[in-house]
Structures are given as structure tokens and as C-alpha cells.
Amino acid sequence: MPSVNLTVNGQPHSVEVEGRTLLVELLREKLSLTGTHVGCDTSQCGACVVHVDGESVKSCTMLAVQAEGTSVTTIEGLAAPDGTLHPMQEAFREYHALQCGFCTPGMVMSAIDLVKKHPEGMDEHEIREGLEGNLCRCTGYHNIVKAIAAAQEVMHGRRTALAPAEV
Amino acid sequence: MYDFAFHKPSTLAEAVGLLADPDARPLSGGQTILPALKHRLDRPSALVDLSGIAELRGIRREGDRLVIGAMSRHAEISRDPTVQAAIPALARMAGNLGDTQVRNRGTMGGSLANNDPAADYPAAALGLGATLVTNRRRIPADEFFLGMFTTALEPGELLTGIEYPIPDKAGYAKMRNPASRYVMTGVFVSRGPAGVRVVVNGAGPGVFRQAEMEAALTGNWSPEAVAGIRQSPDALNSDIHGSAEYRAHLVTVMAKRAVVDAG
């Protein structure tokens, strides 16, 4: 059985897997990091998005053995050790950017990669286009887009604190 | 997914040796083969991961050609200043296919070798008169694409890179299926060292050149030149997403938009 050496959320791991084991299976079943979800298992929905060496990927469409030597970040690895949320997580909470919550981990991980790739900032249309690989079957996109628009201001240092949502 | 052996060679020679096993398959970005294996459409004895082979990477300009290593990922191609300067239409294409996560993993070589009728790159390769370089030979794009999921690649032959002659103008337009986002019909146009080329993807079982539009654009490079040319629906795809007649209609619409995109 091949073994995979990788870093997950800052912790080094060496895990025995099969050739066919998917990265998401390694995360959920071997490391019990069940925050990464499997929605469609056909690379459409994006519930399984994690960061591999800083880039968002669908972990249901990557073999665990392909992650050899990489650094993986999952939703569990975003908050600070003292529990302080990542600005994107904070924005999703503030803007109520979730309904059932199933797509949320993938949305947050994709959104962070998207914001990092657009230091110039994105308008609503660009955010919607950028979320093409993530589906919310509650169709709750409206507040997700608002949350990302607010989070990018904090992530790029244009604001020190998140703009409060209008009630 | 059935289990398989996994190999990650660091040289092309080693990869070719491992692929001498007729049941072994090359693995590039995995965005097509992994979903296919999940559906048990194939049962390879081994996957040979090409991502560790330096000879398959790199993007560079060599005189009047742009050379892209087969393992270059879509996101990398879309952001590459050399591609953006030499063939901006190709950089835009790479940044506008699949979704962000697919673009972070999928490769140009993998897409060309797969030759999905709804893929984007075959239109660019044929539409620019590219040369597809393998571990054995150099194949002109005109001889590479042989129809649905079929190419001139032989067993044990690996695509190593693609050489694009740099055109004076090139543009691309596509109509995406609103749900799957795959190409319903796309048209790539270019004018340059390979002459005027007009290539249709997504509409038929494979990419094809549209000779009548090429002739019209040779004399008059403008959207109006192709506006009156009707593509025959014969041999185009008909499915629940659109009839052959609809796709034939889209060929003219996309050709006009592609010329506008080329400028």
C-alpha cells in the first residue's frame, strides 16, 4: 500500500492509502477532518474544495497520492488557534451566507482563493463568475456574494474590521 | 473506482517505459480520467503521473513560435505573461474553461490528448496551425484530431509539448451549455503564418475547419464577411441540449463574435 506524506493544516502526516484513495477520503476517513464535504462526487459542486499549496482544488477529483509532499489546508485549518475566525468565515457568519450549510466549507475555501487572486478587488458580477465551480442547492448565493464582497475589504487591508451587515 | 498501481516517474524515458504496459494510463491533471475511473469506464493496471517530469513543463517563446509544455496547467497558461503577449486569445481561452478548481489542476496536454468534442484547446491548436510534439515525432494539428476522443497518438506515445505559430490576430467565441458549461458550439479564428483559419468545436463529433468562412475572411477580415455563411447541419450533433440546426446557426453567430474578439 502506498503511503502519502503531506502537511494538513500545519500538521505533518504520513498516511497509508490505496492508489485509488481520493484526497477527500484521506481527509475525511483517515484524518477525521469531516468539514470537507462530498456533495456530488463528480467534480461539479465544489463542496469538497480545499487548498493544495495555496490553490483551490476539488479534493474529490485528486488522488491522495497526488498530494505527496504538498501542504493542504481544509476548513478546519482556517481559524486561529484561539478560535478567532478567518475574515471569510467571519463574513459568512455576519452576512448569514448559508442556509443548510452543506456547501459552506467549499464556498469559503473557494472564496478565499478567489479573493487572493484578485488583489484589485471584485464587483458582484466578478464574484458570481468566480464561484462557477461551487453550487449552493439552497440557491443562497445572494448573501454568499455579499459576504465575499465584505471579506475582500478586510483581506486586502482596505478595512480593519468587517463592515456590518444591514439588518 | 477499481484500484491500480500508482507511479510517479521523474523522466520522460521512465514514463514511456511504464506506459509500455498496454493497460497503464498516463495521468496529467486528472480532471477527466478520475471522473471516468469513478464511473468504472476503464480499469487501468496503473496510472503514470506525469507531474514530476520537468521535460513536460515550461512556457517559452522561441522566435515566431510559442511553445507550451504538455503539463502546463490552465491557470498557469492564463496568467503567463509570455502567452498573454504572444497569443492573448489563448490566454483568455485557458482562463475561461472549466472552473477555477479545474483550471488549477487540468493541463493543456491532457485536454488535447483527450480530444473531447466539447473541449476548447483543440479549436486553438487547429485554428492556429499548431504542431503537436510527442516523444516520437511532430504532428501537425491538421493530422492530429481524428474525431470524438480520438487522436493520432499511438499506444505508448506521449504528447510532450505544443508549438503555436504566433498569429497576427486570433479570437475565440463559444456558447456554453447553461448547466454543464461545456461548449455547445465555439469558433476559433486566426490570421497569420498558417493563413486564415476558422475552426468549429463543440458542434460536431470533433473539431473541423470551415473552408467557406476561411475564404470569406481571407478577402475581408470582418464579422460581416461571415454573417451570410450558413454551416450545414449535416454531421453536427443533435441532443437534448440543442439540435444540429441550432448548432449550425450558432456557428455563424460564434464566427462573427470570434472575429470581433480577434479585433
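Using the Cβ of B:Glu143 as centre and a radius below 13 Å, the other residues enclosed give a net charge of +1, where K and R count +1 and D and E count -1.
Between B:Asp168 and B:Thr218, the simple label model (points 7 Å from Cα in the Cβ direction) yields a spacing of 1.4 nm. Taking the Cα centre of the protein assembly as shown as origin and assigning +1 to Lys and Arg Cβ atoms and -1 to Asp and Glu Cβ atoms, the resulting dipole is close to 520 debye. At the residue level, B:His7 shows approximately 60 square angstrom of accessible surface with a 1.4 angstrom probe and all protein chains present. Relative to the 2.2 N^0.38 Å rule of thumb, the protein assembly as shown has a C-alpha radius of gyration ratio of 1.02. Here chain B is treated with +1 on each Lys and Arg Cβ and -1 on each Asp and Glu Cβ, and its dipole about the Cα centre works out to around 600 debye.
Neighbouring Cβ atoms from other chains, within 10 Å of the Cβ of residues in A:58-64, number 6 on average. Each peptide among A:77-88, B:156-167 gets the average number of other Cβ atoms lying within 10 Å of its residues, and from highest to lowest they stand as B:156-167, A:77-88. The residues of chain A expose on average 46 square angstrom of accessible surface per residue, using a 1.4 Å probe on protein heavy atoms. Each of B:Leu47, B:Ile33, B:Phe6 was scored by the projection of its Cα onto the charge dipole of the range B:5-49, and the greatest displacement toward the positive side belongs to B:Ile33; charges sit on the C-beta of Lys, Arg, Asp and Glu.
Among the listed pairs A:Lys146/B:Lys256; B:Lys8/B:Lys174; A:Lys58/B:Lys169; A:Lys30/B:Lys38; A:Lys117/B:Lys174, those whose Cα-Cα separation exceeds 31 Å are A:Lys146/B:Lys256; B:Lys8/B:Lys174; A:Lys58/B:Lys169. Using a/c under 1.5 as the rounded threshold, could you call the range B:124-177 rounded, prolate or oblate? The axes a ≥ b ≥ c are square roots of the C-alpha gyration tensor eigenvalues, and prolate needs a/b larger than b/c, oblate otherwise. Oblate, because a/c is 1.5 or more while a/b does not exceed b/c. From its DSSP helices (H runs of at least four residues, each -39,500 (n - 2.57)), chain A gives a residue-normalised ellipticity at 222 nm of -8000 deg cm²/dmol.
Among the protein heavy atoms, those of A:Arg159 account for about 100 Å² of accessible surface (1.4 Å probe, every chain in place). Can you classify the range B:127-261 as rounded, prolate or oblate using the Cα gyration tensor, where a ≥ b ≥ c are the square roots of its eigenvalues, rounded means a/c under 1.5, and otherwise it's prolate if a/b beats b/c and oblate if not? Taking the square roots of the gyration eigenvalues as a ≥ b ≥ c, the range B:127-261 is oblate.
How many percent of the alpha carbon pairs in the range A:3-77 exceed a separation of 16 Å? Percentage above 16 Å: 38. P(r) for the range B:55-165, please, calculated from all Cα pair distances in 5 Å bins and given in %. Distribution as computed: 2, 13, 25, 28, 20, 10, 2, 0 percent.
For the chain pair A and B, the buried solvent-accessible surface (1.4 Å probe, both sides summed) amounts to about 2100 Å². Considering helices alone, the calculated mean residue ellipticity of chain B at 222 nm is -8500 deg cm²/dmol, with DSSP H runs of length four and up weighted by -39500 (n - 2.57) and normalised per residue.
Look at the stretch B:29-36: the mean tally of other chain Cβ atoms within 10 Å of its residues' Cβ atoms is 4.
Structure remark: mean-square fluctuation, Gaussian network model of chain A, C-alpha springs under 10 Å; the largest value among A:Val154, A:Val57, A:Val38 belongs to A:Val154.
Across the accessible surface of the range B:5-49, with the other protein chains kept in place and a 1.4 Å probe, carbon and sulfur atoms take up 55 percent. Could you tell me the accessible area of A:Cys100 in Å² (1.4 Å probe, neighbours in place), rounded to the nearest ten? The accessible area comes out at roughly 100 Å². Taking the Cα centre of the range B:169-262 as reference, the dipole from Cβ charges on Lys and Arg (+1) and Asp and Glu (-1) amounts to some 320 debye. Burial annotation for the range B:98-139: residues with an accessible-area loss of at least 30 Å² between the isolated chain and the complete set of protein chains, computed on heavy atoms with a 1.4 Å probe, are B:Asp99, B:Thr100, B:Gln101, B:Asn104, B:Arg105. Among the residues of A:43-52, the average count of other protein chain beta-carbon atoms within 10 Å of the residue beta-carbon is 3.
Across the range B:55-165, the mean sequence separation of Cα contacts (distance under 8 Å, 6 or more residues apart), normalised by length, yields a relative contact order of 28 percent.
Solvent-accessible area of the range B:55-165 (1.4 angstrom probe, protein heavy atoms only): carbon and sulfur portion equals 50 percent.
Accessible surface area normalised per residue over the range B:112-263 is 40 Å², counting heavy atoms of protein chains with a 1.4 Å rolling probe.
The values are calculated or read from the model by the stated rules, or taken from the named source; none is laboratory data. Keep in mind that this is a model prediction, so the values were computed, not measured. Neighbour counts are summed over all protein chains in view; Cβ atoms, including those assigned to glycine, are modelled from backbone coordinates with ideal geometry. All accessible areas refer to the heavy atoms of the entire protein, side chains included, with ligands and DNA or RNA removed. Shrake-Rupley method; radii C 1.70, N 1.55, O 1.52, S 1.80 Å.
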